[in-house]
Amino acid sequence: MKVKTRFAPSPTGDLHIGSVRTALYSWLFARRYNGKFILRIEDTDFERSKSLSVESILKGLKWLGLNWDEGPYFQTQRLDRYREVIEIMLNTGNAYKCYCSPKEIEAERFKQLSEGKKPHYTRVCRNLKIKNINKKYAIRFKNPTSGKVTFEDKIRGKITFNNLELDDLIIQRSNGMPTYNFCVVIDDLDMNITHVIRGEDHINNTPRQINILKSLNAKIPIYAHVSMILNENGKKFSKRDNSENIIEYYKKGFLPEALINYIIRLGWSHGDQEIFNLAELKKLFNLDTINKSSSAFNIKKLLWLNKYYINNLSIDYICNILKDYMKNENINIEKGPNLKFLLNLYKNRFYTLQDMACNFRFFYEEFESFDLQSANKYLILKNLCILTNIYNKMKNFSFWEIEILSEAIHNEAIKLNIKLKEINMLLRVVLTGRAYSPNISSVIFLLGKEKTLLRLKKAILFIKNKTYVKS
Ligand SMILES: [Zn+2]
């Protein structure tokens with residue numbers, strides 16, 4: 001049996017964490033068994049489907065590297081096929097026309113509820129002898145009225161439904177459009193899907209879909225229903241969680257490798273192992289160790305993984321991606337140090353590439369103002385002499401090397417009998433605007449002579465102006 005899985009989103013919104021996980025599981029399962037992974041867009045809900053969502057879904061999958069072997073198929077391009085099967089089902093007596101109007105159905109529902117019964121379709125049209133041809137009709141599937149439907153869920157084990165609990169499902173609406181549950185079945189059948197991996201919200205659809213497949217004498221695929229992902233507060237994700245769209249994670253500076261690693265671990269495990277790359281996952285992934293309880297999203301863990309990948313993937317690769325973020329921030333990297341040097345110096349200081357890009361700005365552009373707290377602490381009269389000395393010394397340097405710079409700062413500290421740490425902090429504020437940077441000699445080296453002197457001068461003026469205003 002050739003494994004064939006599918007990812008079948010409805011284009012009614014963006015690609016979110018939960019659907020990415022389903023896609024990832026389906027994709028990995030196909031890769032693991034050298035099978036095929038199909039992308040199918042379930043767009044029969046005309047009113048809610050948007051072409052922008054299709055674009056967003058494709059973009060998200062591409063960014064994560066979840067490539068598909070077939071598709072994207074669009075259900076709206078397969079309407080003739082659905083109608084053909086419905087016609088066959090009407091002829092074989094597996095489907096029938098229901099002439100009940102929405103009003104009649106609503107009235108019946110109301111009556112059942114007021115009698116304390118579970119609302120259901122009473123199947124009045126199932127055995128109609130006279131066909132009322134002048135009335136609008138929907139088409140219903142003739143669900144068995146006795147017996148059970150049982151399937152072995154790969155994640156949840158055996159699941160059984162009584163046929164009596166299942167209504168005669170509408171497979172074509174009175175407007176002529178086939179319904180979601182029906183299209184899914186015909187697609188899975190026509191596309192030879194062997195494993196249906198999807199969210200647990202589909203469990204209730206499964207017995208209905210199995211019954212339709214049985215009526216068509218089709219092979220039943222293997223089902224695996226993945227549990228929900230909850231937000232950090234243990235609740236269902238909502239639009240307010242700001243993670244509705246996977247592309248937001250790109251914008252925030254996450255690497256696809258980190259996100260894949262994070263998402264795979266939300267509900268799947270391989271011993272205690274935390275770090276997985278795709279190549280490894282393609283060999284290890286299976287459906288048997290997927291957890292059936294829901295998992296909670298944890299941004300700290302994702303940040304930790306992102307930092308790990310920034311530090312452990314090849315520097316050229318990270319540098320190339322970082323260039324895009326610099327560009328998005330309108331930072332011209334031609335006007336400053338080699339980005340790779342910077343990355344090497346700073347890579348273990350940031351959790352996201354976006355953060356990094358913003359923090360690299362001062363290497364390429366003059367910063368607008370000093371951090372107020374740091375300026376109040378360091379840019380004071382007492383430090384004017386240190387800055388002037390360093391300025392005069394560095395102005396005459398004909399070599400701009402880390403060792404020479406470091407030595408100059410060191411000597412200045414000894415000469416004035418102040419702690420090296422103090423002088424370093426002062427220079428941080430002067431050269432970067434705030435009291436946070438890696439090794440200051442490296443920063444000075446990468447900034448270059450011109451920018452360094454300019455900023456020293458600026459700080460000297462700042463102190464002079466401040467004291468002038470005060471006195
Ligand atoms: Zn009816």
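Observations on the structure shown:
- Filtered by the rule that a residue be without any contact (Cβ under 8 Å) to a residue 60 or more places away in the chain, under 26 Å from PHE7 (Cβ atoms) and more than 27 Å from the chain's Cα centre (by Cα), segment 162-194 gives LEU169, ARG173, VAL185, LEU189.
- The one condition from (1) exposed (fewer than 14 other Cβ atoms within 10 Å of the Cβ); (2) hydroxyl-bearing (Ser, Thr, Tyr); (3) not in a loop (DSSP other than H, G, I, E, B) that SER406 does not meet is (1).
- Tabulated pairs, segment 378-397, first assigned by TED's automatic domain parsing to the domain that holds THR432 and under 21 Å from LYS449 (Cβ atoms), second in a helix (DSSP H, G or I) and of a type in the set (Ser, Thr, Tyr), C-beta under 8 angstrom, 6+ apart or interchain: MET394/THR452
- Members of segment 42-52 that are out of contact with any strand residue (DSSP E or B) (no Cβ under 9 Å at 6 or more places or on another chain) and either at positive phi or not aliphatic (A, V, I, L, M) (or both): ASP45, PHE46, GLU47, ARG48, LYS50, SER51
- The set of residues from segment 38-59 being charged (D, E, K, R), surrounded by 15 or more Cβ atoms within 10 Å (Cβ to Cβ) and in a helix (DSSP H, G or I) comprises just one member, LYS59.
- Cβ-Cβ distances below 7 Å connect the following pairs, each with a first residue in segment 118-139 that is closer than 11 Å to ASP168 by Cα, a second residue that is in a loop (DSSP other than H, G, I, E, B) and near the ligand (Cβ under 10 Å from one of its atoms), and a separation of six or more residues or different chains: TYR121/ASP168; ARG123/ASP168; VAL124/CYS100; CYS125/TYR99; CYS125/CYS100; ARG126/ASP168.
- Qualifying residue in segment 269-282 (condition: of a type in the set (S, T, N, Q), in contact (Cβ under 8 Å) with a residue 12 or more places away in the chain and in a helix (DSSP H, G or I)): no
- Being of a type outside the set (A, V, I, L, M), more than 16 Å from the ligand (Cβ to nearest atom) and either more than 30 Å from ILE246 (Cβ to Cβ) or outside any helix (DSSP H, G or I) (or both) is a condition met by at least one residue of segment 60-67.
- Residue within segment 145-160 that is touching a Leu at 6+ places or on another chain (Cβ under 6 Å) and in contact (Cβ under 8 Å) with a residue 40 or more places away in the chain present: yes
- Residue check, GLU108 of a type in the set (Asp, Glu) and free of Cβ contacts under 8 Å to residues at least 24 places away in the same chain: yes
- When ILE246, ILE197, ILE260 are screened for being modelled with pLDDT under 95, under 22 Å from the mean Cα position of the chain (by Cα), closer than 24 Å to PHE29 by Cα and surrounded by 22 or more Cβ atoms within 10 Å (Cβ to Cβ), only ILE246 passes.
The values are calculated or read from the model by the stated rules, or taken from the named source; none is laboratory data. In this text, all values refer to a predicted model and were calculated from it rather than measured experimentally. Ideal geometry is used to build each Cβ from the backbone, glycine not excepted, and the neighbour counts take in all protein chains shown.
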